[in-house]
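Report on the following structure.
The values are calculated or read from the model by the stated rules, or taken from the named source; none is laboratory data. Everything numeric here is computed off the predicted structure, so don't read it as measured data. As a convention, Cβ positions derive from the backbone with ideal geometry for all residues, glycine included, and neighbour counts pool all protein chains shown.
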Amino acid sequence: MSVAGTYNTTVKSPMGDQAGTFTVTDNGDGTFDGKLEGGMGAMDTEEGKVDGNTLTWKMNMTVPMPMTLDCECTIDGDNLTGNVNAGAFGAMPLSGTRA
């Protein structure tokens, strides 16, 4: 099954659960483009890589403070699990299901 799709996600952040929509477009060459949209705005993925069913990428957060997020997740069928690493704030669990 392709990793491409739209996922309804939750990030367990220090400010509470952050719901969002994560859209993944598999470029077919080991890279992907994507966007995470939620209550604090939208962030485009950067340096998106696909390795089997594992995705890794970066996002530049601006709200509530500027920070680069290092992200990874594994897609198993319609389920997504992983982490969003927010530097000094540590890793925040990421989960989701295909919409």
Considering only the stretch 1-11, I want to know if a residue exists there that is within 13 Å of the chain's Cα centre (by Cα) and assigned to a loop (DSSP other than H, G, I, E, B). yes
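If we scan the stretch 2-12, do we find a residue that is surrounded by fewer than 12 Cβ atoms within 10 Å (Cβ to Cβ) and out of contact with any strand residue (DSSP E or B) (no Cβ under 7 Å at 6 or more places or on another chain)? It would help to see each step written out before you state the result.
Kept after step one, since they are surrounded by fewer than 12 Cβ atoms within 10 Å (Cβ to Cβ), are these residues of the stretch 2-12: 2.
Okay, now just the ones that are also out of contact with any strand residue (DSSP E or B) (no Cβ under 7 Å at 6 or more places or on another chain), so none.
Scanning the stretch 2-12, I find no residue that is surrounded by fewer than 12 Cβ atoms within 10 Å (Cβ to Cβ) and out of contact with any strand residue (DSSP E or B) (no Cβ under 7 Å at 6 or more places or on another chain), so the answer is no.
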Can you name every residue in the stretch 12-36 that is modelled with pLDDT of 95 or more and among the aliphatic types (A, V, I, L, M)? Ala19, Val24, Leu36
For the stretch 45-54, enumerate the residues that are within 15 Å of Leu94 (Cβ to Cβ) and either among the aliphatic types (A, V, I, L, M) or loosely packed, with under 14 Cβ neighbours inside 10 Å (or both). Thr54
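State yes or no: is Ala42 of a type in the set (A, V, I, L, M), closer than 14 Å to Ser95 by Cα and in a strand (DSSP E or B)? Steps first, answer last, please.
Working: of a type in the set (A, V, I, L, M): yes; closer than 14 Å to Ser95 by Cα: no; in a strand (DSSP E or B): yes.
Answer is no for this residue.
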Filter the stretch 84-99 down to the residues that are over 21 Å from Ala4 (Cα atoms) and in contact with a strand residue (DSSP E or B) (Cβ under 7 Å, 6 or more places away or on another chain), then identify the one that is surrounded by the fewest Cβ atoms within 10 Å (Cβ to Cβ). Gly87
